[in-house]
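Have a look at the structure below before the remarks.
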Amino acid sequence: MAAQPVAGLKILVVEDEAIVSFLLEDMLIELGCAEIWLAGSVAQALALLRDKAPDLALLDVSLAGEFAYPVAERLVQLQIPFVFATGYGRKGIASEWQSRLVIQKPFDQETLVLALAEAIGG
Amino acid sequence: MEHRGPLRVVGWEGMTVSGNIVEALGVHGDGAASPIVFLTLKRALAAGAGLLDSLPIGVYTCDREGLLVQHNRKAAELWGRSPAPGEALSESPMRDVLATGRPVRDREAVVERSDGSRATILANVDPLFDDDGTLIGAVTCFQDITDFKRAGALLRDQEQSFRDLLEALPAAIYTTDAKGKVTFFNRAAAELAGREPKLGEDEWCITWRLYHSDGMPMPHDECPMAQALKRNEAIRGAEAIVERPDGARFPMIPYPTPLRDADGKLIGAVNMLVDISERKKAELQQKALVDEVNHRVKNTLATVQSLAGQTLRGVVPNAVRDAFEARLLALSRVHDLLARQQWECAELETILKDVFAPYRQGRADRIRLGGGAVRLSPRAALTLAMVLHELATNAAKYGALSAPEGTLTVTWRVEESSQNRDLHIEWQEAGGPPVEVPRATGFGSKLLKRGIEQELGGAARIAFDPEGVRCTIDIALPLSDG
């Protein structure tokens, strides 16, 4: 990866599966992110957003039986760009969020960085 | 009543013709002149009394007192005896005519023959007048309608039993006339509609309200039944949403079918309404289930990807980890493809485009694809996608896709015969660095061999020509696949 558009950024990762979160964390570290905050549920993510100010977020849509949409709404309010990640693909996203960036799990680092770069407009 | 002797025809003097009634003079046995009458057609005169006997209906005449003047052969047959002229007759229609002087039309009566058997007859009686307008007697035409009545009763019984049958069916059925007015509905129909349809008033459909599948209102005069009647043809494959008066809605399939008489003229239509809520629910459930399975497979693949990353990190060269991840992601992509088609099939061209997606950026024109639409079974799609991924990876590392001038052409065609449908795929690289035959058999070559030949029962050949790798793959497609 020649340019690292997310290098130095603080990023919120909302992912309920620990093993998958290791992978995301590794990828983001490799991409040079300055700070990575992990949340495993909507409540954890909303709590984190009260204290922290990430530049960017990566949201798993389905979090152990709940949808991540309340987090997405909060991110919109805070004007923090984000990317959905889901095993369902785009059709698994609620209609009001269809226009958002979605990456299909599993994905490689290149797919992730392209989506994140697009989210921050880079 | 004065009873005089039998009458006999003595001549045709003073004969007048008025309509079909011919009057003639006759004398009683005692010599007293009396007008006698009988009915026949004008032509009957020429043919004589024989014609009267050949008529298929019973005819007799009586005088003013109701005494028999004459009868034909058929009348005797129907009575079961041949009464003598002058016998007093008791048939009431004739009595009525003699009393009122007015004709009687289509009167049904049951007569009992001398042998005790009974017959239903239909009688028409006309009074007979002389030139002065004096009632002189009556003529009766009658016919046996016993069989006709029996057939009618049978028909009514049959119709009733068909109605009972329709009524008992658990399917919602109703009929309309040619103008669409409801003429019949069964219990199941009223239950489905959630209302009591009004016969002769409700038009086109027995339901309260109808909507298209997208929720737009459907006026009754545009409903499938109305179309069937207006176009005089059965409508199939339509779907509508029914709203009951209580507001409940459910999806339904109608089966409107025109009814025609023996001449083919449209006389109405019959419709059966099938509530498909359960089917729709089952379809949604199945779809949700497939979605869930797909989602879990994807999450599991993501977990495997992470486990491999965690396990291999720092232990093996990154290239190994990357190769593993690329294979896993190739498998994942073909899963997506199949999931989008509900795991029914996948298009070969779509698979190829997916495989080449990582290599097309900025050099799309260097990869050429050519061939018609070919649907592959999930099994063939998975194996072929993995094989193609290996070939593409190899081309990107060592072959045509590793050099700026290299090109890759993939063409395919289907050869069909009565027994076989064979798919031939040709992979041709050119313009890359000189090709060397690999020293060891890698995963790609093994998969090509076993995947295509053992798993799919096809044939695969790979040639490491110095000017470019060449690969041909032949697999048999199912015959039924369109």
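Read the figures in this text as sums done on the coordinates, not as results from a lab. Bear in mind the structure is a predicted one, so any value in this text is a computation, not a measurement. So basically every Cβ, Gly included, is an ideal-geometry build from the backbone, and we count neighbours across all protein chains shown.
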#### Entry: Point-to-point label distance, A:Ala34-B:Arg231, nm (Cα→Cβ direction, 7 Å offset)
6.7 nm
### Task
Give me the distance in nm between label points sitting 7 Å out from Cα along the Cα-to-Cβ direction at B:Leu289 and B:Glu112, one decimal.
7.5 nm
### Query
Under a straight-distance cross-link criterion of Cα-Cα below 20 Å, which aspartates and glutamates are reachable from B:Lys281, leaving out those fewer than 8 residues away in the same chain?
B:Asp214, B:Glu239, B:Glu243, B:Asp291, B:Glu292
### Cβ charges +1 (Lys, Arg) and -1 (Asp, Glu), total dipole of chain B, debye
2280 debye
### In order through the stretch B:56-63: 3J(HN,Hα) via Karplus (6.51 cos²θ - 1.76 cosθ + 1.60), integer Hz, x for Gly, Pro
x, 10, x, 9, 8, 10, 9, 8
### Query
If each residue's Cβ is checked for other Cβ atoms within 10 Å, how do B:Lys353, A:Lys10 rank with the fewest at the top?
B:Lys353, A:Lys10
### Hz values of 3J(HN,Hα) by residue in the stretch A:58-68 - Karplus curve (6.51, -1.76, 1.60), Gly and Pro given as x
10, 10, 6, 5, 9, 10, 6, x, 10, 8, 7
### Message
Quick query: amide H of A:Gly89 versus all other amide H atoms, modeled in the peptide plane; which residues come in under 5 Å with a sequence gap of 5 or more or a different chain?
### Response
A:Lys105
#### Entry: Spacing of the two label points (7 Å from each Cα toward its C-beta) at B:Ala430 and A:Glu110, in nm
2.6 nm
### Message
For B:Ile267, project a label point 7 Å along Cα to C-beta. Then give me every residue of the stretch B:160-180 with its amide nitrogen under 11 Å of that point.
### Response
B:178
### Message
How shielded is A:102-113 by partner chains, expressed as the average number of their Cβ atoms within 10 Å of its Cβ atoms?
### Response
4
### Task
Please list, in chain and number order, the residues 5+ apart from B:Gln70 or on another chain whose amide H is under 5 Å from its amide H, with Hs placed from the backbone.
B:Thr61
### Message
Taking only Cα atoms of the stretch A:2-108, what ratio of Rg to Rh do you get with Rh as the Kirkwood inverse-distance radius?
### Response
0.93
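Loop-only GluC sites (Glu not before Pro) in the stretch B:248-351, please: DSSP not H, G, I, E or B, and at most 11 other Cβ atoms within 10 Å.
For GluC sites (Glu not before Pro) across the stretch B:248-351 that sit outside H, G, I, E and B with at most 11 neighbouring Cβ atoms in 10 Å, the list reads B:Glu344.
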### Query
Within straight cross-link reach of A:Lys105, meaning Cα distance under 21 Å, which lysines are found once same-chain residues fewer than 8 apart are removed?
A:Lys91, B:Lys287, B:Lys298, B:Lys353
### Task
Kindly flag which residue pairs out of B:Lys181/B:Lys280; B:Lys179/B:Lys280; B:Lys149/B:Lys265 have an alpha-carbon separation exceeding 29 Å in this structure.
B:Lys181/B:Lys280; B:Lys179/B:Lys280
### Query
Long-range amide H contacts for A:Val13: which residues qualify at under 5 Å (H placed 1.01 Å from N, peptide plane, sequence gap of 5 or more or a different chain)?
A:Trp37, A:Leu38, A:Ala39, A:Leu58
### Query
In sequence order, what are the phi-derived ³J(HN,Hα) couplings for the stretch A:112-121 according to the Karplus relation 6.51 cos²θ - 1.76 cosθ + 1.60 with θ = phi - 60°, rounded to whole Hz, with x for glycine and proline?
5, 5, 5, 5, 5, 5, 5, 5, 8, x
## Note on the structure
In chain B, helical segments from DSSP H whose Cα atoms cover 27 Å or more along their own axis and that average at least -1.0 on the Kyte-Doolittle scale are B:146-168, B:277-312, B:318-340, B:378-397
### Query
What percent do you get for the relative contact order of the stretch B:385-482 when only Cα pairs under 8 Å and 6+ apart count?
29 percent
